[in-house]
1. How charged is the neighbourhood of Phe167? Take every other residue with its Cβ under 11 Å from the Cβ of Phe167, and add Lys/Arg as +1 and Asp/Glu as -1.
2. Where does the charge balance sit around Val273 when Lys and Arg score +1, Asp and Glu -1, over other residues with C-beta under 14 Å from its C-beta?
3. Once phi is turned into ³J(HN,Hα) by the Karplus curve 6.51 cos²θ - 1.76 cosθ + 1.60 with θ = phi - 60°, what whole-Hz value does each residue of the stretch 94-108 show in order, with x for glycine and proline?
4. Work out the length of the dipole vector of the stretch 99-290 about its Cα centre, built from +1 on the beta-carbon of each Lys and Arg and -1 on the beta-carbon of each Asp and Glu, and round it to the nearest 20 debye.
5. Mind giving me the nanometre distance, one decimal, between the label points for Ser241 and Arg137, set 7 Å out from Cα along Cα→Cβ?
6. Please list Arg173, Arg255 from largest to smallest accessible area, probe radius 1.4 Å, with all protein chains kept in place.
7. For Ala190 and Gln56, compute 0.36 nm times the residue count separating them, minus their Cα-Cα distance, and round to one decimal in nm.
8. Scan the stretch 117-197 for GluC sites (Glu not before Pro) in coil per DSSP, keeping those whose Cβ has at most 16 other Cβ atoms within 10 Å, and list them by number.
Amino acid sequence: MEEEKKNLPPVQGGNGQNGNGNGGGRRRRRKKRKGGGGVAQGENTQNAQNKQNQNQSAQKQEQRAKQSQPQQKQKNHGKDKQKQNQNQSQEDNRKDTYAYVLDGNLYINLTNKCSNGCDFCVRNERTSYYGNYLWLRHGDPTPEKVIAQVNGFGDLKRFKEAVFCGFGEPTYRVAEMVALCDYFHEKGLATRLNTNGQGNLINKRDIVPELKGKLDLVNVSLNAASSEKYKKICRSQYGESGFEAMIEFAKLCKRNGVNCRFSIVDCIGEEEVEACKRLAESVKVPLYIRKYIADS
Ligand code: SF4
(Lines give C-alpha, C1' and ligand atoms only; values in the text may rest on other atoms or scores of the structure.)
Protein backbone atom coordinates (compact mmCIF):
# COMPACT_ATOMS: atom_id res chain seq x y z
CA MET A 1 0.00 0.00 0.00
CA GLU A 2 2.71 2.29 0.88
CA GLU A 3 4.30 1.11 -2.28
CA GLU A 4 1.10 1.81 -4.28
CA LYS A 5 0.66 5.13 -2.61
CA LYS A 6 4.04 5.93 -3.62
CA ASN A 7 3.17 5.17 -7.25
CA LEU A 8 -0.04 7.19 -7.21
CA PRO A 9 -0.05 10.63 -8.59
CA PRO A 10 -0.83 13.36 -6.04
CA VAL A 11 -4.53 13.64 -7.20
CA GLN A 12 -5.25 10.30 -5.56
CA GLY A 13 -4.43 11.62 -2.18
CA GLY A 14 -6.91 14.40 -2.92
CA ASN A 15 -9.66 11.84 -3.50
CA GLY A 16 -8.92 10.20 -0.20
CA GLN A 17 -9.21 13.48 1.49
CA ASN A 18 -12.64 13.99 -0.09
CA GLY A 19 -13.90 11.01 2.02
CA ASN A 20 -16.12 9.23 -0.63
CA GLY A 21 -15.58 5.83 1.04
CA ASN A 22 -15.81 4.10 -2.36
CA GLY A 23 -13.09 1.60 -1.99
CA GLY A 24 -13.89 -0.21 -5.35
CA GLY A 25 -14.08 3.02 -7.24
CA ARG A 26 -11.00 3.94 -5.54
CA ARG A 27 -9.46 0.62 -6.52
CA ARG A 28 -10.78 0.98 -10.12
CA ARG A 29 -9.54 4.44 -10.33
CA ARG A 30 -6.41 3.23 -8.77
CA LYS A 31 -6.18 0.40 -11.33
CA LYS A 32 -7.02 2.70 -14.21
CA ARG A 33 -4.70 5.22 -12.97
CA LYS A 34 -2.16 2.57 -12.25
CA GLY A 35 -2.47 1.33 -15.83
CA GLY A 36 -2.57 4.85 -17.17
CA GLY A 37 0.25 5.69 -14.90
CA GLY A 38 2.08 2.71 -16.39
CA VAL A 39 1.66 4.00 -19.91
CA ALA A 40 2.61 7.43 -18.80
CA GLN A 41 5.49 5.98 -16.89
CA GLY A 42 6.51 4.00 -19.99
CA GLU A 43 6.40 7.19 -22.05
CA ASN A 44 8.19 8.98 -19.34
CA THR A 45 10.76 6.23 -19.22
CA GLN A 46 11.08 6.36 -22.98
CA ASN A 47 11.32 10.13 -22.87
CA ALA A 48 13.78 9.91 -20.05
CA GLN A 49 15.77 7.39 -22.04
CA ASN A 50 15.67 9.61 -25.12
CA LYS A 51 16.70 12.55 -23.05
CA GLN A 52 19.51 10.55 -21.52
CA ASN A 53 20.63 9.44 -24.97
CA GLN A 54 20.49 13.02 -26.19
CA ASN A 55 22.46 14.18 -23.18
CA GLN A 56 25.00 11.44 -23.69
CA SER A 57 25.37 12.29 -27.35
CA ALA A 58 25.69 16.01 -26.54
CA GLN A 59 28.27 15.16 -23.91
CA LYS A 60 30.17 13.03 -26.39
CA GLN A 61 30.09 15.84 -28.97
CA GLU A 62 31.30 18.30 -26.35
CA GLN A 63 34.04 15.91 -25.35
CA ARG A 64 35.09 15.41 -28.97
CA ALA A 65 35.12 19.21 -29.49
CA LYS A 66 37.20 19.63 -26.36
CA GLN A 67 39.60 16.93 -27.49
CA SER A 68 39.95 18.47 -30.95
CA GLN A 69 40.46 22.01 -29.55
CA PRO A 70 44.02 21.48 -28.32
CA GLN A 71 44.81 19.71 -31.60
CA GLN A 72 43.51 22.74 -33.55
CA LYS A 73 45.37 25.07 -31.23
CA GLN A 74 48.50 23.00 -31.73
CA LYS A 75 48.01 23.18 -35.51
CA ASN A 76 47.58 26.99 -35.39
CA HIS A 77 50.55 27.32 -33.08
CA GLY A 78 52.58 25.19 -35.49
CA LYS A 79 51.62 27.48 -38.40
CA ASP A 80 52.49 30.62 -36.38
CA LYS A 81 55.83 29.11 -35.41
CA GLN A 82 56.52 28.19 -39.05
CA LYS A 83 55.74 31.77 -40.13
CA GLN A 84 57.93 33.15 -37.34
CA ASN A 85 60.78 30.88 -38.39
CA GLN A 86 60.36 31.94 -42.01
CA ASN A 87 60.48 35.63 -41.01
CA GLN A 88 63.44 34.97 -38.76
CA SER A 89 65.30 33.14 -41.48
CA GLN A 90 64.50 35.95 -43.96
CA GLU A 91 65.89 38.42 -41.39
CA ASP A 92 68.98 36.26 -40.85
CA ASN A 93 69.53 35.84 -44.58
CA ARG A 94 69.27 39.57 -45.21
CA LYS A 95 72.65 41.04 -46.04
CA ASP A 96 73.89 43.40 -43.33
CA THR A 97 74.05 47.06 -44.28
CA TYR A 98 77.53 48.46 -43.78
CA ALA A 99 77.06 51.41 -46.13
CA TYR A 100 74.02 53.42 -47.18
CA VAL A 101 73.30 56.60 -49.07
CA LEU A 102 71.47 59.57 -47.60
CA ASP A 103 71.32 63.23 -48.67
CA GLY A 104 74.15 62.78 -51.14
CA ASN A 105 76.45 61.34 -48.46
CA LEU A 106 77.79 57.85 -48.00
CA TYR A 107 77.08 56.59 -44.48
CA ILE A 108 79.13 53.84 -42.85
CA ASN A 109 77.57 51.57 -40.22
CA LEU A 110 80.44 49.92 -38.34
CA THR A 111 78.81 48.59 -35.18
CA ASN A 112 75.66 48.36 -33.08
CA LYS A 113 77.56 48.83 -29.81
CA CYS A 114 76.94 52.04 -27.95
CA SER A 115 77.83 53.36 -24.51
CA ASN A 116 74.65 55.45 -24.43
CA GLY A 117 70.99 54.56 -24.41
CA CYS A 118 69.53 57.84 -25.63
CA ASP A 119 65.81 58.44 -25.27
CA PHE A 120 65.61 59.83 -28.79
CA CYS A 121 67.77 57.24 -30.56
CA VAL A 122 66.19 56.17 -33.86
CA ARG A 123 67.14 52.57 -33.25
CA ASN A 124 64.83 52.41 -30.21
CA GLU A 125 61.77 51.88 -32.37
CA ARG A 126 63.07 51.09 -35.79
CA THR A 127 64.54 48.10 -37.49
CA SER A 128 65.38 50.29 -40.46
CA TYR A 129 66.40 53.87 -41.10
CA TYR A 130 65.12 55.36 -44.35
CA GLY A 131 64.72 51.80 -45.59
CA ASN A 132 68.22 50.72 -44.52
CA TYR A 133 68.40 47.78 -42.12
CA LEU A 134 71.18 48.84 -39.79
CA TRP A 135 70.99 46.11 -37.15
CA LEU A 136 74.02 43.95 -37.83
CA ARG A 137 73.06 40.25 -37.64
CA HIS A 138 76.40 38.92 -38.76
CA GLY A 139 78.71 40.94 -36.52
CA ASP A 140 80.73 44.09 -37.04
CA PRO A 141 82.28 44.32 -40.51
CA THR A 142 85.95 44.38 -41.44
CA PRO A 143 87.14 47.33 -43.57
CA GLU A 144 87.30 44.91 -46.53
CA LYS A 145 83.62 44.04 -46.16
CA VAL A 146 82.69 47.73 -45.99
CA ILE A 147 84.78 48.51 -49.07
CA ALA A 148 83.16 45.62 -50.98
CA GLN A 149 79.72 47.07 -50.24
CA VAL A 150 80.75 50.65 -50.89
CA ASN A 151 82.10 49.71 -54.32
CA GLY A 152 78.62 48.47 -55.20
CA PHE A 153 77.55 52.13 -55.31
CA GLY A 154 79.72 52.83 -58.34
CA ASP A 155 81.77 56.01 -58.63
CA LEU A 156 82.29 57.32 -55.08
CA LYS A 157 83.16 60.81 -56.32
CA ARG A 158 79.46 61.60 -56.55
CA PHE A 159 79.23 61.58 -52.74
CA LYS A 160 80.03 64.68 -50.69
CA GLU A 161 81.29 62.87 -47.58
CA ALA A 162 81.81 59.46 -46.06
CA VAL A 163 80.12 59.70 -42.66
CA PHE A 164 80.76 57.20 -39.86
CA CYS A 165 77.33 56.99 -38.29
CA GLY A 166 74.84 54.16 -37.93
CA PHE A 167 73.03 52.14 -35.30
CA GLY A 168 75.96 52.43 -32.87
CA GLU A 169 78.97 54.44 -31.72
CA PRO A 170 81.72 54.26 -34.40
CA THR A 171 84.63 54.83 -31.98
CA TYR A 172 84.19 51.22 -30.80
CA ARG A 173 85.86 50.46 -34.16
CA VAL A 174 88.49 53.16 -34.19
CA ALA A 175 91.17 51.14 -36.05
CA GLU A 176 88.74 50.06 -38.79
CA MET A 177 87.40 53.61 -39.09
CA VAL A 178 90.88 55.06 -39.50
CA ALA A 179 91.73 52.45 -42.18
CA LEU A 180 88.56 53.33 -44.06
CA CYS A 181 89.34 57.05 -43.84
CA ASP A 182 92.50 56.39 -45.85
CA TYR A 183 90.46 54.51 -48.46
CA PHE A 184 87.86 57.29 -48.78
CA HIS A 185 90.54 59.98 -49.00
CA GLU A 186 92.13 58.02 -51.84
CA LYS A 187 88.76 58.07 -53.57
CA GLY A 188 88.52 61.84 -53.10
CA LEU A 189 85.85 61.87 -50.35
CA ALA A 190 85.87 63.99 -47.22
CA THR A 191 85.37 62.05 -43.98
CA ARG A 192 83.24 62.81 -40.95
CA LEU A 193 82.65 61.08 -37.62
CA ASN A 194 79.34 61.47 -35.78
CA THR A 195 80.12 60.51 -32.19
CA ASN A 196 78.81 60.62 -28.65
CA GLY A 197 82.29 61.77 -27.65
CA GLN A 198 82.96 58.88 -25.27
CA GLY A 199 85.62 57.24 -27.45
CA ASN A 200 88.39 57.73 -24.88
CA LEU A 201 86.34 56.02 -22.16
CA ILE A 202 85.32 53.25 -24.57
CA ASN A 203 88.90 52.56 -25.71
CA LYS A 204 90.48 53.32 -22.32
CA ARG A 205 93.05 55.56 -24.04
CA ASP A 206 93.25 58.90 -25.80
CA ILE A 207 92.25 58.10 -29.39
CA VAL A 208 92.32 61.72 -30.58
CA PRO A 209 95.89 61.59 -32.02
CA GLU A 210 94.79 58.57 -34.10
CA LEU A 211 92.05 60.65 -35.69
CA LYS A 212 94.31 63.48 -36.80
CA GLY A 213 94.63 63.68 -40.59
CA LYS A 214 92.06 60.89 -40.94
CA LEU A 215 88.82 62.67 -40.15
CA ASP A 216 87.98 65.96 -41.78
CA LEU A 217 85.27 66.68 -39.23
CA VAL A 218 84.38 65.23 -35.84
CA ASN A 219 80.78 65.98 -34.91
CA VAL A 220 80.19 65.52 -31.17
CA SER A 221 76.54 65.19 -30.08
CA LEU A 222 76.19 67.54 -27.14
CA ASN A 223 72.46 66.93 -26.52
CA ALA A 224 72.38 68.81 -23.18
CA ALA A 225 74.13 71.63 -21.37
CA SER A 226 74.65 69.85 -18.03
CA SER A 227 75.78 66.44 -16.86
CA GLU A 228 72.49 65.92 -14.93
CA LYS A 229 70.38 66.51 -18.02
CA TYR A 230 72.74 64.51 -20.22
CA LYS A 231 72.64 61.58 -17.85
CA LYS A 232 68.85 61.67 -17.85
CA ILE A 233 68.34 61.68 -21.60
CA CYS A 234 71.45 59.85 -22.83
CA ARG A 235 71.86 57.32 -20.01
CA SER A 236 75.58 56.79 -20.53
CA GLN A 237 76.95 53.58 -19.09
CA TYR A 238 79.64 55.81 -17.56
CA GLY A 239 77.11 57.89 -15.63
CA GLU A 240 78.01 61.56 -15.25
CA SER A 241 81.57 60.84 -16.44
CA GLY A 242 80.03 60.30 -19.89
CA PHE A 243 79.19 64.00 -20.19
CA GLU A 244 82.53 65.18 -18.78
CA ALA A 245 84.45 62.82 -21.10
CA MET A 246 82.47 64.11 -24.08
CA ILE A 247 83.37 67.75 -23.34
CA GLU A 248 87.00 66.75 -22.76
CA PHE A 249 87.05 64.81 -26.05
CA ALA A 250 85.94 67.92 -27.97
CA LYS A 251 88.59 70.01 -26.21
CA LEU A 252 91.27 67.42 -27.01
CA CYS A 253 90.24 67.41 -30.68
CA LYS A 254 90.61 71.17 -30.79
CA ARG A 255 93.99 71.01 -29.02
CA ASN A 256 95.23 68.30 -31.41
CA GLY A 257 94.16 70.16 -34.55
CA VAL A 258 91.22 67.82 -35.30
CA ASN A 259 88.36 69.82 -36.79
CA CYS A 260 85.52 69.40 -34.29
CA ARG A 261 82.09 70.79 -33.53
CA PHE A 262 79.27 70.14 -31.12
CA SER A 263 75.81 69.48 -32.45
CA ILE A 264 72.34 69.69 -30.98
CA VAL A 265 68.86 69.20 -32.36
CA ASP A 266 66.58 72.25 -32.25
CA CYS A 267 63.75 70.40 -30.45
CA ILE A 268 65.41 70.48 -27.02
CA GLY A 269 63.80 73.81 -26.08
CA GLU A 270 64.98 77.40 -26.42
CA GLU A 271 66.39 77.60 -22.92
CA GLU A 272 68.48 74.46 -23.38
CA VAL A 273 69.64 75.63 -26.82
CA GLU A 274 70.85 78.89 -25.24
CA ALA A 275 72.61 76.99 -22.44
CA CYS A 276 74.32 74.75 -25.04
CA LYS A 277 75.47 77.82 -26.96
CA ARG A 278 77.04 79.23 -23.78
CA LEU A 279 78.76 75.93 -22.99
CA ALA A 280 80.16 75.59 -26.54
CA GLU A 281 81.48 79.12 -26.43
CA SER A 282 83.13 78.52 -23.06
CA VAL A 283 85.22 75.64 -24.51
CA LYS A 284 85.65 77.40 -27.87
CA VAL A 285 84.13 74.60 -29.89
CA PRO A 286 81.62 75.65 -32.57
CA LEU A 287 78.01 74.55 -32.17
CA TYR A 288 75.88 73.25 -35.02
CA ILE A 289 72.12 73.33 -34.43
CA ARG A 290 70.30 70.97 -36.74
CA LYS A 291 66.63 70.56 -37.43
CA TYR A 292 64.83 67.65 -35.85
CA ILE A 293 63.71 65.15 -38.49
CA ALA A 294 60.76 63.13 -37.25
CA ASP A 295 60.19 60.92 -40.27
CA SER A 296 62.85 58.35 -40.98
S1 SF4 B 1 74.76 57.82 -28.84
FE2 SF4 B 1 73.82 57.67 -30.84
S3 SF4 B 1 73.69 55.48 -31.28
FE4 SF4 B 1 74.10 55.71 -29.12
S5 SF4 B 1 72.08 55.60 -28.18
FE6 SF4 B 1 72.58 57.77 -28.48
S7 SF4 B 1 71.71 58.31 -30.46
FE8 SF4 B 1 71.76 56.06 -30.33
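1. Summing Lys/Arg as +1 and Asp/Glu as -1 gives +1.
2. -1
3. Coupling constants for the stretch 94-108: 5, 5, 5, 9, 9, 9, 8, 10, 8, 6, x, 10, 9, 9, 10 Hz.
4. It works out to roughly 260 debye.
5. Going from the Ser241 label point to the Arg137 one covers 3.7 nm.
6. Per-residue accessible area, sorted high to low, gives Arg255, Arg173.
7. Value of the extension gain: 39.9 nm.
8. Glu125
The values are calculated or read from the model by the stated rules, or taken from the named source; none is laboratory data. Everything quoted here is computed from the prediction, not taken from an experiment. Note: ideal-geometry Cβ built from the backbone for every residue, glycine included; neighbour counts use all protein chains shown. For accessibility, only protein heavy atoms count, side chains too; no ligands or nucleic acids. Shrake-Rupley method; radii C 1.70, N 1.55, O 1.52, S 1.80 Å.
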